[in-house]
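The structure under discussion appears below in the form of structure tokens.
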Amino acid sequence: MRNPQLNAHGELNHLLSIDGLPRDVITHILDTASSFLEVSDRDVKKVPLLRGKSVFNVFFENSTRTRTTFEIAAKRLSADVINLDVARSSTAKGETLLDTVDNLVAMHADMFVVRHAASGAPYLIAEHLHRTGRDDVHVVNAGDGRHAHPTQGLLDMYTIRHYKQDFANLTVAIVGDILHSRVARSDIHALTTLGAAEVRAVGPQTLLPTDVERMGVRVCHDLREGVRDCDVIIMLRLQNERMNGALLPSAREYFNCYGLTPEVLALARPDAIVMHPGPMNRGVEIDSDVADGPQAVILSQVSFGIAVRMAVMSILAGN
Ligand code: CP
């Protein structure tokens, strides 16, 4: 069966998911990101790798970090960046996703960065481009429903590698609403592919997928047990917008059971790092003393996201 992420030569043509990406491809993206990190420190923060190319940011869901860092990354690669204002686009008049794509291709789009509430929307676009003979146009999944957020997974791996060097001896806890989290799925696929020693999925029964153990994680319903002796703790937001009905008694109750406080963090390794993809809900999944404390690397994740997204776009464009 054709792998929708690869072209006829077996090269990465779209980035749709970390699931199925070989370890050497992930490592190549992280290594390439390292080479782009210093571009942000230059007086002239630009390299010409995407000069003359048009990158279309098409976000059907809200975003602060992903949309903005993709725009910065594309501009640092010297691309022309077009941010489609979806709320004011003809989507509101009933134009379909694929008709919108066809029109943007007619405007000479070279790359789409797509966020959509529907799981699989970026796959639909990639398949449509293939069927219409436009494999030269690339698609990057910037988050689809609860399915995948591959560049967040990659920037999380970049952050972990930056602070911990090697994955082989690491214990990583992913805490919170894993059921609705595309970040959790991407992180789990990346961590297991990169050989993390142990990945724990920590949360209440109602917020864990029933088959999560099949992804190679250890399930913990108790937060203290889940973070004990961890090297890395990844906190997740309650994704209320994707919940059907109440899965929790209250936010206060949730914080009491699953909120990361300094007391709970003290159970992890003394040099443990705390990560969060954002946006954070302080006082719901994380205490401000932790979020702003010395072990938090949450804003470093955002900065690394620029280099990682530069790497992804550069590799897709064939550099
Ligand atoms: N982490 C993340 O996807 O944040 P945004 O929703 O702000 O892009």
field: Å² per residue, accessible surface of segment 150-302 at 1.4 Å
entry: 41
- prompt: So what are the ³J(HN,Hα) numbers for segment 259-268, from phi and the Karplus equation (6.51, -1.76, 1.60; θ = phi - 60°), rounded to whole Hz, Gly and Pro as x?
  reply: x, 8, 10, x, 5, 6, 4, 4, 7, 7
message: Apply the Karplus curve 6.51 cos²θ - 1.76 cosθ + 1.60, θ = phi - 60°, to the phi angles in segment 282-290 and return the couplings in whole Hz, x for Gly and Pro.
response: 5, x, 10, 10, 8, 7, 4, 5, 7
message: Under the rule of at least 5 residues apart or a separate chain, name every residue whose amide H is placed under 5 Å from the amide H of Ala296.
response: Val274
query: With every protein chain present, what accessible area does Asp292 have (1.4 Å probe, heavy atoms only), rounded to the nearest 10 Å²?
result: 100
- line: Taking Cα atoms, the helix 23-36 axis meets the longest principal axis of the chain at an angle in degrees (rounded to 10) of 80
task: Hey, for a label at Asn83 modelled as a point 7 Å past Cα toward Cβ, could you say which residues of segment 57-77 have their backbone N under 15 Å away?
output: 57-76
query: So what are the three principal axis dimensions of segment 150-302 from its Cα atoms, in whole Å, longest to shortest?
result: 40, 34, 27
- prompt: Counting Lys +1, Arg +1, Asp -1, Glu -1, what net charge surrounds Glu71 among other residues with beta carbon under 12 Å of its beta carbon?
  reply: +4
- prompt: What 222 nm value per residue comes from the helices of the chain, counting each DSSP H run with n ≥ 4 as -39,500 (n - 2.57) and dividing by all residues, nearest 500 deg cm²/dmol?
  reply: -10500 deg cm²/dmol
task: Would you kindly compute the Cα radius of gyration of segment 21-151 and its largest Cα-Cα separation (Dmax), both in Å?
output: 15.2, 45
Cβ-Cβ FRET estimate between Thr210 and Leu267, R0 fixed at 25 Å, reported to 0.05: 0.35
- prompt: Pick from Ala168, Ala307, Ala201: which is most flexible by mean-square fluctuation in a GNM of the chain where alpha carbon atoms under 10 Å apart are linked?
  reply: Ala168
- prompt: In whole Å, how far is the Cα centre of segment 261-281 from that of segment 160-185?
  reply: 12
- prompt: Under a Cβ-Cβ cut-off of 13 Å, what is the net charge of the residues other than Asn7 that fall near it, where Lys and Arg count +1 and Asp and Glu count -1?
  reply: -1
- request: Among Ile174, Val232, Met243, pick out the residue whose Cα is farthest towards the positive end of the charge dipole of segment 170-260, where Lys and Arg carry +1 and Asp and Glu carry -1 on C-beta, about the Cα centre.
  value: Met243
- request: Could you rank Lys93, Lys45 by how accessible they are, 1.4 Å probe, largest area first?
  value: Lys93, Lys45
- prompt: Which lysines does Lys53 reach when only Cα atoms under 28 Å apart count, and residues fewer than 8 places away in its own chain are ignored?
  reply: Lys45, Lys75
statement: Scattering profile of segment 158-205 from the Debye formula, Cα beads only, expressed as log10 I(q)/I(0) at q = 0.26, 0.30 Å⁻¹, is -1.00, -1.18
- line: Other residues with Cβ under 10 Å from the Cβ of Leu260 give, with Lys and Arg +1 and Asp and Glu -1, a net charge of -4
field: Whole-Hz ³J(HN,Hα) from phi, Karplus 6.51 cos²θ - 1.76 cosθ + 1.60, for segment 72-87, glycine and proline x
entry: 4, 4, 5, 5, 5, 8, 6, 6, 7, 10, 10, 9, 5, 7, 4, 4
statement: So His28 and Ala317, fully extended at 0.36 nm per residue minus their Cα-Cα distance, gain in nm 102.6 nm
- prompt: Tell me which aspartates and glutamates have Cα within less than 13 Å of Lys164's Cα, excluding those fewer than 8 residues away on the same chain?
  reply: Asp156, Asp231, Asp271
query: Among Thr159, Ile26, His147, whose Cα lies farthest out toward the positive end of the dipole of segment 1-160, if unit charges sit on the beta carbon of Lys, Arg (+1) and Asp, Glu (-1)?
result: Thr159
- line: All alpha-carbon distances of the chain, grouped into 10 Å bins from 0, give the whole-percent distribution 6, 27, 34, 23, 9, 1
statement: With +1 at each Lys and Arg Cβ and -1 at each Asp and Glu Cβ, the charge dipole magnitude of segment 150-302 around its Cα centre, to the nearest 20 debye, comes out at 300
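The values are calculated or read from the model by the stated rules, or taken from the named source; none is laboratory data. These numbers were taken from a predicted model, which means no experiment stands behind them. Neighbour counts run over all protein chains shown; Cβ positions are idealised from the backbone, glycine included. Accessible surface areas use protein heavy atoms only, side chains included; no ligands, DNA or RNA. Shrake-Rupley method; radii C 1.70, N 1.55, O 1.52, S 1.80 Å.
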